[in-house]
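Report on one structure; see the data block that follows.
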Amino acid sequence: MTLAGKRAIITGSTSGIGLGIATALAAAGADVVLNSFTDRPEDHALAADLGAAHGVQARYLAADMADGGACRALIAQAGGCDILVNNAGIQHVAPLDEFPVAKWDAIIAINLTSAFHTTAAVLPGMRAKGWGRVVNIASAHGLTASPYKAAYIAAKHGVVGLSKTVALETAGQGITCNAICPGYVLTPLIEAQIPDQMKTHGMDRETVIREVMLLRQPSRQFATTDQIGGTAVFLCSDAAAQITGTTISVDGGWTAL
Ligand code: NAD
């Protein structure tokens, strides 16, 4: 399939799942706008390299997804888009009664409210073209819960609900909105947690991955950023034109338990 002529904006796409999705969309022919909150030469170089590798236009635009005005300015600066991927996200783990208020506010802002702002900003342009795809990166934690992740789980359940509402408000207009719900994906974010877990549990790397991190993922295998990218490309395809307002789990069976 080709997404040539389509412009995609992927929030939080300098690493991990966002970069995997941007790479998959570029490989399918889409022009891509990468984003994070930093504005370093290497951010712009990352976009230039991705564009050169796939023969598409690729730009990097800095914008802090914690700031609603910056979310809307990102869309305006990019000139709108055909494909919006709301991916930026952070995590903090603490018991509810000790959860830092600033962390709660930041997680709700970055993981949930940013998608409200960016989606509101892209819909008029998508309606004018009669085509659009909004792909929200939720989580298995958008469908199930775990202790000590209250803000993340509230935000990801919110993303699933937001996706359904956007789908209803755009139904029949050539626009779809869905949420991808990954289980554990081995990104830099997750990789950084492995040494601590090895120390805490006194286990080697392979055991901590299988018996601690992937305990709830029946396949006992990480999903990959390529697989999440491929799922996003599928949601942008004609085959997915009637898939809207739903979730697609890429979680090795986690939510089947
Ligand atoms: P990551 O840390 O590798 O990537 C997160 C990206 O978001 C980075 O590019 C980072 O710079 C950017 N970002 C962070 N704060 C931002 C801000 N304020 N404004 C703009 N950009 C910001 O993490 P990841 O694992 O690739 O996670 C990406 C998304 O996938 C998140 O929404 C996360 O909740 C979700 N997810 C991850 C997993 C997993 O196992 N890795 C599982 C399910 C869902």
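Per-structure values
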item	result
Of all residues in region 177-221 being within 14 Å of the ligand (Cβ to nearest atom), part of a loop (DSSP other than H, G, I, E, B) and not polar (S, T, N, Q), the one that is surrounded by the most Cβ atoms within 10 Å (Cβ to Cβ)	183
Boolean, residue 92 is in contact with a Lys or Arg (Cβ under 7 Å, 6 or more places away or on another chain), of a type outside the set (Ser, Thr, Tyr) and modelled with pLDDT of 95 or more	no
Region 1-37, residues that are outside the structural domain of residue 111 (by TED's automatic domain parsing) and either among the hydroxyl-bearing types (Ser, Thr, Tyr) or within 13 Å of residue 48 (Cα to Cα) (or both)	2
Residue in region 75-95 that is crowded, with 22+ Cβ neighbours inside 10 Å and more than 16 Å from residue 36 (Cα to Cα) present	yes
Yes/no for residue 84 being in contact (Cβ under 8 Å) with a residue 60 or more places away in the chain and out of contact with any His (no Cβ under 9 Å at 6 or more places or on another chain)	yes
Any chance residue 229 is assigned to a helix (DSSP H, G or I), within 21 Å of the chain's Cα centre (by Cα) and of a type outside the set (Asp, Glu)	yes
Failed criterion for residue 152 (all others in (1) buried (at least 24 other Cβ atoms within 10 Å of the Cβ); (2) within 29 Å of residue 28 (Cα to Cα) hold)	(2)
Residue under evaluation residue 214, criteria (1) under 20 Å from residue 249 (Cβ atoms); (2) in the same structural domain as residue 97 (by TED's automatic domain parsing); (3) at pLDDT 95 or above, criterion not met	(2)
Restricting region 15-46 to residues that are closer than 24 Å to residue 237 by Cβ and not in a helix (DSSP H, G or I), the residue that is farthest from the ligand (Cβ to nearest atom)	29
Residue in region 102-114 that is in contact with a Phe, Trp or Tyr (Cβ under 6 Å, 6 or more places away or on another chain), surrounded by fewer than 22 Cβ atoms within 10 Å (Cβ to Cβ) and assigned by TED's automatic domain parsing to the domain that holds residue 134 present	no
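The values are calculated or read from the model by the stated rules, or taken from the named source; none is laboratory data. This one's a predicted model, so the numbers in the text were calculated from it and none came from an experiment. Every residue, glycine as well, gets a Cβ built from its backbone with ideal geometry; the counts of neighbours run over all protein chains shown.
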